Amino acid sequence: MKNIKNITVIGLGLIGGSLALAFKELSGDISVTGYDVISDTLSIAKYRNIIDKIAEGYDDAVIDADLVVIATPISRIIDVVQHIKEHLKKGAIVTDVGSAKEKIVNEVNNIIPQDIIFIGGHPMAGSENEGVLSARPDLFKNAFYILTPTEKTKTEPLVSLHALLAAIGSKVISISPREHDEVVSLISHLPHILSTNLVDLVGNEQIELRNLFKLCAGGFRDMTRIAASNPKMWLDITLENKNEIIKSIDKYMSVLLKFRQNLEKEDREYIKEHYNRAKEARLNIPKYVEKDISNLYELMIAIPDRRGVLSEITLAISSSSINIEDISIFHSTEFVGGGILKILVQGENAGEIAKKAVEEKGFEARIRKVLGE
């Protein structure tokens, strides 16, 4: 597994600053270099010990880096890659934190040299507060952190990045860039658009109904809280994932139109069932609970030494709705021409589900329960 000691974070806002802090807390052997186009941000980051070193420019920032995290606004990621691509050392891992993936992953992989590894990333964490002053090392604990490898992604760097992110407390999952964009358009981007449009609607109605905002109660406030998020950031996100967001809007409009039609007909049964289904679905949204090691399983998988094999396995497991808790790889004298991949999964029947997903891809897997019956 690749030893990551020198980490560079480009873009020291809430996410970048929090990642830098989290990495620094892992080990005294890890050194974090920071770079930001705003000099005051760099000064604050160094003063608060968020970073160990201030870089003078893109070349100085990445020249010795084992891992480069691009934590800039999504609209600037490609531009940053263009600046750093000639200065990265051979074998360096580059990742980002953008909340749209397919377009970025494709463009970056066409830009960077072949001896550099890019793995798209998206931490599903945040705060209502912004900027380096709001950075905190525990921001990613118990939060999902999505990686989006492709069939070209090399095994060792993916294992190393997965292990590093798991070490800072994230629940790391791997899905394809396209699936990522489809999922977040529904669960993240669409809710923001609905929230902002509802506020805009009420704001316009306020012109005639003067007491409208004064009477806004908890339901309105809860649903529209995210409308106060950074407009520039959301402009970039919306345009970056435009195609999937349009699909999600169309789906929502279809559902809303169906509700309107049944309301017009006063179909009490449909409306009642709609509310019941929504309530049940909302109550069943998974909540984080402490890991139950009685449901922790270890998969041992023989893998050939070829590019893309780890992506294939992790995507198969994640697509079965199983979260990978830990991952490691080591060479074995029992298996010439490859190695052994060890994956830990947690949850009732998670072991059998993951084993089946892996075997359907043509890999041989053994499974054992970490804590015996």
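The values are calculated or read from the model by the stated rules, or taken from the named source; none is laboratory data. Computed from a prediction, not measured in an experiment: that's the story for all the values here. Using ideal geometry, Cβ is built from the backbone for each residue, glycine included, and neighbour counts are taken over all protein chains shown.
Take the residues in segment 235-262 that are of a type in the set (D, E, K, R) and within 19 Å of the chain's Cα centre (by Cα), then tell me which one is surrounded by the fewest Cβ atoms within 10 Å (Cβ to Cβ).
Only one residue tops the list, namely K242.
Among all residue pairs at least 6 apart or on different chains, which show Cβ distances below 6 Å where the first residue, located in segment 340-353, is assigned by TED's automatic domain parsing to the domain that holds I329 and the second is in a helix (DSSP H, G or I)?
Sorted first by the residue in segment 340-353, then by its partner, the pairs are V345/A354; Q346/N295; G347/N295; E348/N295.
Mind checking which residues of segment 24-49 are aromatic (F, W, Y) and crowded, with 24+ Cβ neighbours inside 10 Å?
Residue satisfying the conditions is Y35 alone.
As an exercise: evaluate L19 against (1) outside any loop (DSSP other than H, G, I, E, B); (2) under 18 Å from D115 (Cα atoms); (3) aliphatic (A, V, I, L, M) and give the number of the one condition it does not meet.
(2)
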